[in-house]
Amino acid sequence: MDGFDFNSSEKADASELQRMIAIEQQKAQFQAQVHNFTEVCWDKCMDGGPSSKLDSRTEICLVNCVDQLCIVFVCPCEIHNNSTTKC
């Protein structure tokens with residue numbers, strides 16, 4: 001077929017598909033982690049029910065909570081994946 005190697009084309013397609021699946025799995029894991037961070041920080045920082053506006057204490061608590069969780073969970077993953085990444 002005009003020098004077209006069907007097997008190598010199939011292998012390339014399968015490899016690309018596997019790469020795309022891995023990327024989507026990483027995105028899903030990241031989204032799940034963000035959801036988990038949100039839930040943990042919400043439970044920790046929110047006193048009482050939701051209101052129309054956050055007070056400054058609650059806002060600071062949420063920001064610090066998320067920052068700490070990101071340092072603990074995200075940075076080690078980035079360092080593992082890329083040795084040049086610094087926290």
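The values are calculated or read from the model by the stated rules, or taken from the named source; none is laboratory data. These numbers were taken from a predicted model, which means no experiment stands behind them. With ideal geometry, Cβ positions are generated from the backbone for all residues, glycine too; neighbour counts draw on all protein chains shown.
The table below gives the values:
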| item | result |
| --- | --- |
| Output for the stretch 33-56, where each listed residue is farther than 16 Å from Gln68 by Cβ, surrounded by 10 or more Cβ atoms within 10 Å (Cβ to Cβ) and either out of contact with any helix residue (DSSP H, G or I) (no Cβ under 7 Å at 6 or more places or on another chain) or charged (D, E, K, R) (or both) | His35, Leu54, Asp55 |
| Scan of the stretch 45-68 for residues that are touching a residue at least 12 places away in the same chain (Cβ under 8 Å) and either within 21 Å of Phe30 (Cα to Cα) or over 27 Å from the mean Cα position of the chain (by Cα) (or both), ordered by number | Leu62, Cys65, Val66 |
| Condition check for Pro50: modelled with pLDDT under 85 and outside any helix (DSSP H, G or I) | yes |
